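J.: Got a structure for you, questions after.
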């Protein structure tokens, strides 16, 4: 049986013997959250592998070593990627100890051979056929949101008026959630970022845990409703696959195909992963482009540059600047002997700005060759399932903005705040103007 979807560590752990250690750096510091790249570059130049005492993780800064980790899943497991980064308080543990809070690891945090078995079914939900069916909805919904933003007049706050609702609604329609539940589901999903990748207070942990329990119960009830009445959506496709393999008398959690509890857990997990990073990607793309008026104008004049502009944003100002792994056995990485059970933070911010892999890596260039060689979607068997959907959404948004608002610019005098977490990066608000 698969493990729990979320398992908090009991302690932060300790450095491997002889490993370089950093006692003060934290990816949750105000300085790093504001602009991680200069700091990440310095860390990479000092050590390709070091221990962060503040985080309790072995930090990997080198692109080649990160790729080695991704390509050796038997040694570097993904089982901790949805776990809280620090121990939970007893009150939050009590909330999540409810007998019916029992999501199981399914995709990003599931090991082989089960990961491959489940991915066969989940990949079908992100097939070219499904994305093509969604594309008309994406464009029509993006156009409507942009119409409303323009009608409300300049200046506009882009996150709430466009970048937050669009990706969420797209993934919710993919899953099959009814539109009237969008606001409630969004509120649950936002809190997941603090739970798994931040350092919330004890009071915040309890509130987040209560929301996660409510959301899990909502997902279970939704899957049960689709079990009774199927629609043209991803959840129904998963249930069809489960039913086709199960037969009327089969144990619902047998695992030769996809089990019923795995269907519930896929729905639970994909709703967050499918929209929050895309919101950040849309915002980061504009943060990169709009101050560089020559590149923005080039894209306005030549929409064929949109695709590479999105890839360069994913490299230069990624919406995901780290990911995690845990060792399953004693191993050696970058001349550091790493014991089994060591938690790793893979620093995408340093890797994507590596001068050994990208010429002038600290410059943003929408015409860059090989811009798509970034590591922001991972690599290997756990390569991001929604990468194609994320790219498509970002391209559609950027195409529409360049076409409809060629004079678009950042509002002056604004500062950018970032939600305190170690992985997902995008501004909490983004004010735009146009003539």
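Values in this text are rule-based calculations from the coordinates and carry no lab data. Since this is a predicted model, take the numbers as computed values, not measurements. Positions of Cβ are backbone-derived with ideal geometry, glycine not excepted, and every protein chain shown enters the neighbour counts.
J.: Taking Cα pairs under 8 Å and at least six residues apart, what relative contact order does the chain come out at, in percent?
T.: It comes to 25 percent, rounded to a whole number.
J.: For the range 101-260, what does the alpha-carbon gyration tensor say about shape, rounded, prolate or oblate, given a ≥ b ≥ c as the root eigenvalues, a/c under 1.5 as rounded, and a/b over b/c as prolate?
T.: Oblate, because a/c is 1.5 or more while a/b does not exceed b/c.
J.: Here's something else I'd like to know. For residue 181 and residue 335, what does the FRET efficiency come to when R0 = 60 Å and r is the distance between their Cβ atoms, rounded to the nearest 0.05?
T.: 0.70
J.: Is the C-alpha gyration tensor of the range 316-435 telling us rounded, prolate or oblate? Criteria: a/c under 1.5 is rounded; beyond that, a/b larger than b/c is prolate, otherwise oblate.
T.: It is prolate, given that a/c is not under 1.5 and a/b is the larger ratio.
J.: Let me ask you something else. Cut-off 10 angstrom, C-alpha nodes, Gaussian network model of the chain. Which of 48, 23, 390 fluctuates the most?
T.: Largest GNM mean-square fluctuation: 23.
J.: In addition: Is the shape of the range 44-119 best called rounded, prolate or oblate, per the rule: a/c under 1.5 gives rounded, else a/b larger than b/c gives prolate, else oblate, with a ≥ b ≥ c the square roots of the Cα gyration tensor eigenvalues?
T.: Note, shape of the range 44-119 comes out oblate.
J.: So if we plug the beta-carbon distance of residue 152 and residue 116 into 1/(1 + (r/R0)^6) with R0 = 41 Å, what FRET efficiency do we get, rounded to 0.05? Don't jump to the answer; show the numbers that get you there.
T.: On the way: r = 47 Å, r/R0 = 1.16.
For residue 152 and residue 116, the calculated efficiency is 0.30.
J.: Give the calculated FRET efficiency between residue 23 and residue 294 to the nearest 0.05, with a Förster radius of 56 Å applied to their Cβ-Cβ distance.
T.: It comes out at approximately 0.85.
J.: Another question, then. Could you work out which residue, out of 362, 294, 245, moves most in a Gaussian network model of the chain, that is, has the largest mean-square fluctuation with Cα springs under 10 Å?
T.: 294
J.: Starting from the Cα of residue 302, step 7 Å along the direction of its Cβ; do the same at residue 232; then give the gap between the two resulting points in nm.
T.: Spacing of the two 7 Å Cα→Cβ label points: 3.8 nm.
J.: Identify which of 186, 379, 229 has the largest mean-square fluctuation in a Gaussian network model of the chain, with springs joining Cα atoms closer than 10 Å.
T.: It is 229.
J.: Also: Could you list the residues of the range 348-388 with an amide nitrogen less than 18 Å from a label point located 7 Å from the Cα of residue 123 in the Cα-to-C-beta direction?
T.: Correct set: 377-388.
J.: Where does the chain land at 222 nm, in deg cm²/dmol rounded to the nearest 500, when only DSSP H runs of n ≥ 4 count, each adding -39500 (n - 2.57), divided by all residues?
T.: -15000 deg cm²/dmol
J.: So if each residue of separation counts as 0.36 nm, and I subtract the Cα-Cα distance between residue 72 and residue 369, what length gain in nm does that give? Numbers along the way, then the final one.
T.: Numbers: separation 297, 0.36 × 297 = 106.92 nm, distance 2.78 nm.
Net length gain for the segment: 104.1 nm.
J.: Express the relative contact order of the range 310-435 as a whole percentage, based on alpha carbon pairs under 8 Å and six or more residues apart in sequence.
T.: For the range 310-435, the relative contact order is 27 percent.
J.: Hey, another quick one. At 0.36 nm per residue, and after removing the present C-alpha to C-alpha distance, how many nm does the segment from residue 93 to residue 435 gain when stretched out fully?
T.: 117.9 nm
J.: Then there is this: Sort 33, 55, 12 by Cβ crowding within 10 Å, fewest neighbours at the top. The partial results should precede the final answer.
T.: Numbers: 33 18, 55 22, 12 15.
Ascending number of Cβ neighbours within 10 Å: 12, 33, 55.
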